[in-house]
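Engineer: Quick one: the structure is below, questions incoming.
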Amino acid sequence: MTEQFKGARRELLEQLHALFLDALLSEFDQGNRTAAFLGVIRKFLRDNHCTVDMASSADLRASLEQLKSLALPFIKSTKKDTKQ
């Protein structure tokens, strides 16, 4: 393979990657929060070596608090029930 072909192929793969990411974000923004879809997102992030240290990321902690308001079944709310 020539270097020019490799560069063009890499550019096409980067475009495909960006399109797939845009599609994932769009679907998530439209409310798709099924376990299967969240699994697709998790796999995409893992396959692309996206990891974060929760202890050192204030932004991530804030994002987790926002996720809690979405009533996702796997994120337990920290709000205590005030009814007795």
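Engineer: Counting pairs of Cα atoms in the stretch 3-68, how many percent are more than 20 Å apart? Could the numbers behind the result be given before it?
Structural biologist: Working: 969 of 2145 pairs.
That tail contains 45 percent of the Cα-Cα pairs.
Engineer: Which ³J(HN,Hα) values in Hz, rounded to whole numbers, follow from the phi angles of the stretch 33-40 under the Karplus curve 6.51 cos²θ - 1.76 cosθ + 1.60, where θ = phi - 60° and Gly and Pro get x?
Structural biologist: Once θ is set to phi - 60°, the couplings for the stretch 33-40 become 10, 5, 4, 5, 5, 5, x, 5 Hz.
Engineer: HN-Hα J couplings of the stretch 2-18 from phi, Karplus 6.51/-1.76/1.60, θ = phi - 60°, integer Hz, Gly and Pro as x?
Structural biologist: Along the stretch 2-18, the couplings run 7, 4, 5, 5, 4, x, 5, 5, 4, 4, 5, 5, 5, 5, 5, 4, 5 Hz.
Engineer: So, one more: Once label points are set 7 Å from the Cα along Cα→Cβ at both Phe20 and Arg33, what is their separation, rounded to one decimal in nm?
Structural biologist: 2.6 nm
Bear in mind these aren't lab numbers, they're just calculated from the coordinates by the rules spelled out. Everything numeric in this text was worked out from a predicted model, so none of it was measured. For neighbour counting, all protein chains shown are included, and Cβ atoms are generated from backbone atoms with ideal geometry for every residue, glycine included.
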